[in-house]
1. Which one is farthest from the chain's Cα centre (by Cα), of the residues in the range A:108-149 that are within 16 Å of DNA strand B (Cβ to nearest atom) and over 23 Å from A:L207 (Cβ atoms)?
2. Evaluate the range A:76-83: report whether one residue or more is free of Cβ contacts under 8 Å to residues at least 60 places away in the same chain, out of contact with any Lys or Arg (no Cβ under 7 Å at 6 or more places or on another chain) and within 13 Å of DNA strand C (Cβ to nearest atom).
3. I'd like to check something: does the range A:129-144 contain any residue that is within 16 Å of DNA strand C (Cβ to nearest atom) and more than 16 Å from A:Q216 (Cα to Cα)?
4. For residues that are within 20 Å of A:E230 (Cβ to Cβ) and buried (at least 21 other Cβ atoms within 10 Å of the Cβ), tally how many sit in the range A:110-130.
5. State all residues of the range A:187-200 that are loosely packed, with under 14 Cβ neighbours inside 10 Å and more than 16 Å from DNA strand B (Cβ to nearest atom); if no residue qualifies, say none.
6. Condition first: within 16 Å of DNA strand C (Cβ to nearest atom) and assigned to a loop (DSSP other than H, G, I, E, B). Now tell me which residues in the range A:110-128 satisfy that.
7. Restricting attention to helices (runs of 4 or more DSSP H) lying wholly within the range A:140-235, give those where 1 or more residues are touching a Pro at 6+ places or on another chain (Cβ under 6 Å).
8. With respect to A:E107, determine if the residue is within 16 Å of DNA strand C (Cβ to nearest atom) and loosely packed, with under 15 Cβ neighbours inside 10 Å.
Amino acid sequence: MSKRVTIKRKNEIEENENVPEVELKKSTRKTVSSKLANIDKKENLEEVSAKKVKNKLEEKESEYCFWLMKSEPESRIENGHEMKFGVDDLKASKDKITHWDGVRNYEARNHMKSMKLGQRAFFYHSNCKNPCLVATMKICKESYVDHTAFDKNDPHYDPKSDLNNPKWYMVDVQFERDLKRYIPLTELKHYHLLHKKTGGPLSNLSLFTRSRLSVQALTEEEWNFMIELENKPPV
DNA sequence: GCCAACGTTGGC
DNA sequence: GCCAACGTTGGC
């Protein structure tokens with residue numbers, strides 16, 4: 001085993017630290033980082049095997065084609081900065097495009113890194129009176145360095161970020177359309193609980209299984225079911 | 001405003 | 001490498 005390869009693999013692991021769980025069954029949920037950490041512990045394990053596992057996990061990750069992105073529609077001041085950015089603010093932006101800066105969580109970042117041009121995302125209103133899905137967006141620029149991490153005056157300034165080795169990334173998203181009606185979290189929860197009992201597309205929705213994550217991945221089944229809700233009467 | 005959930009930090 | 005303390009998210 002050459003040293004060079006070992007170093008490369010280590011870098012790759014760091015790059016993927018706290019990659020989201022990729023298994024869809026709740027019982028088997030585990031982060032890629034912890035899996036890779038476990039792999040490292042097994043000294044007799046071949047490098048090839050570790051790579052195989054990693055590739056498999058990345059394959060899974062790349063199967064996610066739909067996303068959910070949270071933003072706060074109500075005024076809140078953090079470090080003297082207004083945090084409000086609702087769907088109306090997105091619509092008021094130039095070309096209805098914004099860069100999704102300020103994400104400081106590895107899992108959320110990795111989701112953004114795997115986003116592809118043209119993929120669709122829900123715009124979700126969080127930390128507000130009526131948390132809900134409000135609109136759809138399209139990824140219109142794939143991930144690039146989030147410069148706000150280096151800006152001392154930015155509310156999400158990261159003093160540990162290194163200009164030569166950026167940690168934080170963002171994507172550009174463009175408003176696509178309003179949902180025919182806002183889909184409240186309570187309604188999604190209703191289906192989530194139902195589907196957990198009876199089986200169904202929302203049985204493992206990350207809004208509930210990974211509630212604090214600000215950029216979430218959706219399977220096609222989850223996306224389709226949620227999109228269809230706008231045509232159904234509210235629960 | 002409260003607080004559960006959970007990610008991060010740092011002492012040991 | 002463990003884990004207590006701390007900080008943040010976000011529903012309620």
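1. Of everything passing the filter in the range A:108-149, A:A149 is farthest from the chain's Cα centre (by Cα).
2. Yes, because at least one residue in the range A:76-83 is free of Cβ contacts under 8 Å to residues at least 60 places away in the same chain, out of contact with any Lys or Arg (no Cβ under 7 Å at 6 or more places or on another chain) and within 13 Å of DNA strand C (Cβ to nearest atom).
3. Within the range A:129-144, one or more residues are within 16 Å of DNA strand C (Cβ to nearest atom) and more than 16 Å from A:Q216 (Cα to Cα).
4. 5
5. Residues satisfying the conditions are A:K197, A:T198, A:G199.
6. Listed by number, the residues that qualify are A:S126, A:N127, A:C128.
7. Here the list reads A:185-198, A:220-228.
8. No: the conditions fail for A:E107.
We did not get these values from a lab; they are worked out from the coordinates using the rules stated. Predicted model, so just to flag it, every value in this text is computed and none were measured. So basically every Cβ, Gly included, is an ideal-geometry build from the backbone, and we count neighbours across all protein chains shown.
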